[in-house]
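Visitor: Next up is a structure, given as structure tokens.
Only the coordinates and a few stated rules stand behind these numbers; no lab work does. It should be emphasised that the depicted structure is a prediction, and the values quoted were computed from it without experimental measurement. Positions of Cβ are generated from backbone atoms using ideal geometry, with glycine treated the same way; all protein chains shown enter the neighbour counts.
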Amino acid sequence: MATRVIIVRHGQSSYNAQKRIQGRSDESVLTEKGQLDAKTVGKTLSGLDIDGIFCSPLQRAKLTAEIIQSCFASPPSLTATPDLLEIDLALWENWYKKDVIEKFPEEYQCWQKRPQDFKMTIATPEGQKETFPVVDLYHQAQGFWQKLLSEHQNKTLLIVAHNGINRCLIMSAIGVPVDNYHRIQQSNCNINVLNFTGNWGDPVQLESLNQTSHLGITIPSLRKAETPLRLLLIRHGETEWNRESRFQGIRDIPLNDNGWGQAKKAADFLKDIPIDLAISSPMLRPKETAEIILQYHPDVTLDLQPDLMEIGHGLWEGKLESEIEADFPGLLNEWKTSPETVQMPEGENLQQVWDRAIACWDERVSYYSALPDKSLGIVVAHDAINKVIVCHLLGLSPANFWNIKQGNGGVTVIDYPDGPDGVPVLQAINITTHLGDILDKTAAGAL
């Protein structure tokens, strides 16, 4: 059994509403909306067997945790720990964001563009001290994980904390470099899910990032209203070979009945989103999924891209894991533990898939960013393709392939707030709430 960790950001605070910088200041309190949203999260999570709750001691996070705890019939224990304190922005705390931008333009630019280099010089009883807030927070997150995992194996745990520390918890768990701090989003009262296979240093899977649909928000709102391009990366619905755990690769297997149902649920989930472009792998399973979604958007033409076809599994295709192990002893285990090293017999390796998928993604991002009437679209592809794209956008490598989950019919939200040459933002990863609940229960079968 894995250790499942659910991570929630506190509800809206007074400083959030006022656009003031909080950091470790404890003057900010939950608004009425923040308290109501915390109750909604509690009701959403109350059906799970939570073994313990850990929270920041700052009142906006602690009260959120207490409200969530009160929603359980048998409330789990609640532990407040300084290891979950928010980022230390001592010189900016309590300031309005606009005033910080005006008074510290160079420092704020560094904070936004080069968070790994961002530093503050603060006065201490021992004299002046230079701190690196983001780097220090990342190390704080690593220390928290080491302690938590050593003491709470095979449990389901809930963490209630803050925007910054939650980002660093997720990033450090799956290996995202600290310089990509601003590439992921954390909305108030969101839900993230991480699955740990063992202790610190053992494989970790990010099951989902920044779910907000339990709050009535289908997908997270834009960080910048003028964002030129938003793409919804979607995995195709289930096939019979997914259900059977049979390797598909480039075999053109269509959706099964459940897959059609998943595609229809994804279509209903996104029907009110103003989709104006659509890209798909030309294979049947993603193409069918895309066409079902586009039934609510009949004026959108489907752009088929062959470089988004699934990884070619070669001689593995059509086989179950037991058959692959019999024919290629040890290679399947290598694929599961070191995927970047495996050359599929008469098929592809992961670097080849990476190269073609990322080249296609980047080219399409540039193409559609240049069109004034195209700002929000879907991209429907496959498990391996989607994982590769998400890894790339997070600054990960092919070795991190298994750190990312992509469920059948799952939706990932990617923004380009500063255009195709700017830093992309993963607003959400693998939303599957439209298919069931907050946990991804789609087929765990082969690619």
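Visitor: Roughly what angle does helix 284-293 make with the longest principal axis of the chain, taking Cα atoms, 0 to 90 degrees, to the nearest 10?
Guide: So the inclination is approximately 50 degrees.
Visitor: If a paramagnetic tag sat 7 Å from the Cα of residue 284 along the Cα-Cβ line, which residues of region 247-267 would have the backbone N under 12 Å from that point?
Guide: 251-257
Visitor: Further question on the same structure: Relative to the longest principal axis of the C-alpha atoms of the chain, give the angle of the C-alpha long axis of helix 32-45, reported between 0 and 90° and rounded to the nearest 10°.
Guide: 40 degrees
Visitor: Next question. Among 147, 264, what is the fewest-to-most ranking by other Cβ atoms within 10 Å?
Guide: 147, 264
Visitor: Residue 355 to residue 243: extension gain in nm, 0.36 nm per residue of separation minus the Cα-Cα distance? It would help to have the intermediate numbers written out before the result.
Guide: Working: separation 112, 0.36 × 112 = 40.32 nm, distance 2.88 nm.
Extending this stretch completely gives an extra 37.4 nm.
Visitor: At 0.36 nm per residue, minus the direct Cα-Cα distance, what do residue 51 and residue 441 gain on full extension? Give it in nm, one decimal, please. Please list the in-between numbers first.
Guide: Numbers: separation 390, 0.36 × 390 = 140.40 nm, distance 2.05 nm.
That works out to 138.3 nm of additional length.
Visitor: Once phi is turned into ³J(HN,Hα) by the Karplus curve 6.51 cos²θ - 1.76 cosθ + 1.60 with θ = phi - 60°, what whole-Hz value does each residue of region 61-75 show in order, with x for glycine and proline?
Guide: For region 61-75, the Karplus curve yields 7, 5, 5, 4, 5, 5, 5, 4, 4, 5, 7, 8, 4, 10, x Hz.
Visitor: With each label point set 7 Å from Cα along the Cα-Cβ vector, what nm distance links residue 17 and residue 117?
Guide: Distance between the two pseudo-spin positions: 3.9 nm.
Visitor: Still on this structure, please answer the following. What order do you get for 214, 313 when you list them from fewest to most C-beta neighbours inside 10 Å?
Guide: Ordered from fewest to most neighbouring Cβ atoms within 10 Å, 214, 313 come out as 214, 313.
Visitor: Which three numbers, in whole Å and largest first, are the semi-axes of the equivalent ellipsoid of the chain derived from its Cα gyration tensor as √(5λ)?
Guide: 36, 25, 22
Visitor: Can you bin region 267-331 into rounded, prolate or oblate? Criterion: square roots of the alpha carbon gyration tensor eigenvalues sorted a ≥ b ≥ c, rounded for a/c under 1.5, prolate for a/b above b/c, oblate for the rest.
Guide: Details: a/c = 4.34, a/b = 2.80, b/c = 1.55.
It comes out prolate by the Cα gyration axes.
Visitor: Only counting other Cβ atoms within 10 Å, I'd like 223, 356, 167 sorted with the fewest neighbours first.
Guide: 223, 356, 167
Visitor: As a quick test, which of the pairs 336/387; 97/374; 113/336; 19/129; 224/264 have an alpha carbon distance above 23 angstrom in this structure? Walk me through the intermediate numbers first.
Guide: Working: 336/387 14 Å; 97/374 31 Å; 113/336 35 Å; 19/129 28 Å; 224/264 30 Å.
Violating the 23 Å Cα-Cα cut-off are 97/374; 113/336; 19/129; 224/264.
Visitor: Need the list of aspartates and glutamates near residue 98 for cross-linking: C-alpha distance under 20 angstrom, and skip anything on the same chain fewer than eight residues off.
Guide: List returned: 27, 88, 106, 107, 226, 418.
Visitor: Here's another thing I want to ask about it. Along the principal axes of its C-alpha atoms, what lengths does region 101-249 span, in descending order and rounded to whole Å?
Guide: That works out to 65, 45, 31 Å along the principal axes.
Visitor: Further, regarding this structure: Using the Cα centre of the chain as the reference point, and only Cβ charges (+1 on K/R, -1 on D/E), how large is the resulting charge dipole? Debye, rounded to the nearest 20.
Guide: So the magnitude is around 1180 debye.
Visitor: Moving to a separate point now. To the nearest 20 debye, what is the magnitude of the charge dipole of region 229-435 about its Cα centre, counting +1 on the Cβ of each Lys and Arg and -1 on the Cβ of each Asp and Glu? Write down the numbers at each step before the final one.
Guide: Working: 17 positive and 31 negative charges, 93 e Å.
About 440 debye.
Visitor: Mind pulling the angle between the C-alpha long axis of helix 133-151 and the longest principal axis of the chain? Nearest 10 degrees, somewhere in 0 to 90.
Guide: The two axes meet at around 70 degrees.
Visitor: Which ³J(HN,Hα) values, rounded to whole Hz and listed in residue order, are derived for region 258-275 from phi using the Karplus coefficients 6.51, -1.76 and 1.60 in 6.51 cos²θ - 1.76 cosθ + 1.60 with θ = phi - 60°, glycine and proline given as x?
Guide: 5, x, 4, x, 5, 5, 5, 5, 5, 4, 5, 4, 9, 5, 8, 7, x, 6
Visitor: Let me ask another. On average over all directions, what projected area in square nanometres does region 229-435 have, based on the convex hull of its Cα atoms? Before the final figure, lay out the partial values.
Guide: Numbers: hull surface 42.3 nm².
In nm², the orientation-averaged hull projection of region 229-435 is 10.6.
Visitor: In region 399-431, which residues have a backbone nitrogen under 15 Å from the label point lying 7 Å from residue 370's Cα in the Cα-to-Cβ direction?
Guide: 420-421
Visitor: Extension gain residue 338-residue 146, at 0.36 nm per residue separation less the Cα-Cα distance, in nm?
Guide: Gain on stretching residue 338 to residue 146: 66.8 nm.
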